[in-house]
Amino acid sequence: MDRTDFPDDFVWGTATAAYQVEGATRVDGRGASIWDTFTRRPGAIVGGDTGDIADDHYHLFRDDVALIRDLGLDAYRFSIAWPRIQPDGRGASNQAGIDFYRRLAENLLENGITPWATLYHWDLPQTLEDADGWMNRETAYRFADYAGLVAEQLGDVIGNWITLNEPWCSSFLSYAGGDHAPGRHEGTAAARAAHHLLLGHGLGLSAIRAARPEATAGITLNLYSVVPASPSDADVDAARRIDGLANRFFLDPVLRGSYPEDVLDDLGQTDWFAEHAPSDDLALISAPIDFLGINYYSRHTTRAGAPSSRPSANPGSEFVEMVDTGAERTQMGWEIHPDGMIDVLAMAHEIAPELPLYITENGAAYADVVLPDGSIDDTERLAYIHDHIAAGAEAIRQGIPLQGYFVWSLMDNFEWAWGYSRRFGIVHVDYETQKRTPKASAYWLAGMLDGALSAEVMV
Ligand code: FCB
């Protein structure tokens, strides 16, 4: 497999997110985010880790951009930390924050790499959470102000915008499951946070369009291939519920302009949505996007099991269990199922046949071993990435307009509730010294893309 198996203009990229890599959380006027707060909560993060230093990308970004260039990649998807731009989540922009992202974008452009910026990769300013966060409709308007401000001030150097990353995570996982910041347990009412996030997407999109009519803009959803463990009615219904919460609850409003009624019913939220999610909101949420970003990692096989009383990221469907099919898993415990990437692409393509699709994240965590000579032979990660890229090629053969693939992640980083205990990078990071070492997967990818990294090694 090589680049020639893909269209000439196929975008090869890699992705990171601000809180996971930047560090420098207290410099240049950055305000506190919900992740600064949540990481201080005892027991919230494995090992008590925080993003205070992370990969120090804030200071080392030039080295990281050089790596991206040497990998032969075309694009870098990073996220903008809202509290660097508006420390309190509202008002005028903090110039030092804007300047940082301008330096980054300019450096990317000088190296022939296209910047793709995500506006919200989960680091809500703490002041907005103090006002009820995404449970409060006002937060959607604050997000739109922020999006417009950033597009206005950085739209000359950044042309590709992603409003939200994975709103399922920033609503159900964060406001129902409590696994992610702000760590709340609102149960089925977390669906309201999802609506406010999506409204933020719609309002943000129109703010970006107003500030920069030439911009390319979309949203990134995390989609799963969901299959029932058996043909029994109960297991099929379990799959319907999880597909509903994880996929359709986000795809439908964005691509069809409506929420799936069965899911609102499962959640007991039909009345609230009838009153608080009027057709004007849905018109904003379903306004045309230039592309859909999909993050794909795994498949869920579901069955109806015993009710659980623990706070769940699938509120209202606590009795649904994920079945171990015996298939290989990554260190996250996520089943490896490359064909599922075709399933999720097809899912979106069926609803919106003309819409360009991008895999904006795909990758795997493994317990890497640094060999005595300093190298990291991450054969399993290499195979994971290889097999998913091959699935992408197959999707294109099937007529799906997949236009790009971004590896998660450029380098090991702060993996949210797992702290630094899970490594997703194709580049290893020594957190003591901040030394970056490309792993075998990075050399393989660079070889496929004719990057300078592989050339060096072959000499
Ligand atoms: C996704 C997130 C990303 C990273 C990967 C492993 O859900 O968008 O930040 O943590 O998972």
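Points worth noting:
- For Q153, the conditions (1) within 16 Å of the ligand (Cβ to nearest atom); (2) over 20 Å from the mean Cα position of the chain (by Cα) are fulfilled apart from (1).
For every residue, the table says whether it meets (1) under 29 Å from L255 (Cβ atoms); (2) in contact with a Pro (Cβ under 6 Å, 6 or more places away or on another chain); (3) among the aromatic types (F, W, Y).
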{"position": "H276", "(1), (2), (3)": "yes, no, no"}
{"position": "S298", "(1), (2), (3)": "yes, no, no"}
{"position": "E318", "(1), (2), (3)": "yes, yes, no"}
{"position": "D324", "(1), (2), (3)": "no, no, no"}
{"position": "E328", "(1), (2), (3)": "no, no, no"}
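- Residue match in the range 416-425 (condition: in contact with a helix residue (DSSP H, G or I) (Cβ under 7 Å, 6 or more places away or on another chain), assigned to a loop (DSSP other than H, G, I, E, B) and either within 16 Å of the ligand (Cβ to nearest atom) or farther than 24 Å from F291 by Cα (or both)): no
- Any chance R310 is out of contact with any Cys (no Cβ under 6 Å at 6 or more places or on another chain) and at pLDDT below 95: yes
- G218 being modelled with pLDDT of 95 or more, under 30 Å from G419 (Cα atoms) and part of a loop (DSSP other than H, G, I, E, B): no
- For the range 392-410, filtered to residues that are among the hydrophobic types (A, V, I, L, M, F, W, C) and out of contact with any Phe, Trp or Tyr (no Cβ under 9 Å at 6 or more places or on another chain), the residue that is farthest from the ligand (Cβ to nearest atom) is I400.
- Matching residues, the range 375-429, being of a type in the set (V, I, T) and within 16 Å of I359 (Cβ to Cβ): I385, I389, I396, I400, V407, I426
- If you go through the range 297-341 and keep only what is in contact with a Leu (Cβ under 6 Å, 6 or more places away or on another chain) and of a type outside the set (S, T, N, Q), you end up with A313, G316.
- Scope the range 207-241; condition under 21 Å from D281 (Cα atoms) and either touching a residue at least 60 places away in the same chain (Cβ under 8 Å) or within 16 Å of the ligand (Cβ to nearest atom) (or both); matching residues: A207, I208, A210, A211, A217, G218, I219, T220, L221
- So V344, is it outside any loop (DSSP other than H, G, I, E, B), under 21 Å from T220 (Cα atoms) and either within 16 Å of the ligand (Cβ to nearest atom) or within 22 Å of the chain's Cα centre (by Cα) (or both): yes
- Residue among Y358, Y366, Y297, Y384 that is without any contact (Cβ under 8 Å) to a residue 60 or more places away in the chain, crowded, with 22+ Cβ neighbours inside 10 Å and not β-branched (V, I, T): Y384
- Per the listing G244, G204, the residue uniquely more than 16 Å from the ligand (Cβ to nearest atom) and touching a Ser or Thr at 6+ places or on another chain (Cβ under 6 Å) is G204.
- Residue in the range 362-372 that is assigned to a strand (DSSP E or B) and within 16 Å of the ligand (Cβ to nearest atom) present: no
- Out of E328, E335, E275, sole residue that is farther than 18 Å from C169 by Cβ, within 16 Å of the ligand (Cβ to nearest atom), free of Cβ contacts under 8 Å to residues at least 40 places away in the same chain and among the charged types (D, E, K, R): E335
- Matching entry among L357, L382 (being touching a Pro at 6+ places or on another chain (Cβ under 8 Å), away from the ligand (no atom under 16 Å from the Cβ), modelled with pLDDT of 95 or more and closer than 24 Å to M448 by Cβ): L357
- The lone exception for W444 - which of (1) crowded, with 18+ Cβ neighbours inside 10 Å; (2) in a strand (DSSP E or B) it fails: (2)
- Just one of the listed residues (A306, A313) is farther than 17 Å from C169 by Cβ and aliphatic (A, V, I, L, M), namely A306.
- Conditions (1) on the phi < 0 side of the Ramachandran plot; (2) in a loop (DSSP other than H, G, I, E, B): number failed by G89: (1)
The values are calculated or read from the model by the stated rules, or taken from the named source; none is laboratory data. In this text, all values refer to a predicted model and were calculated from it rather than measured experimentally. Here Cβ is always computed from backbone atoms with ideal geometry, including for glycine, and neighbour counts include all displayed protein chains.
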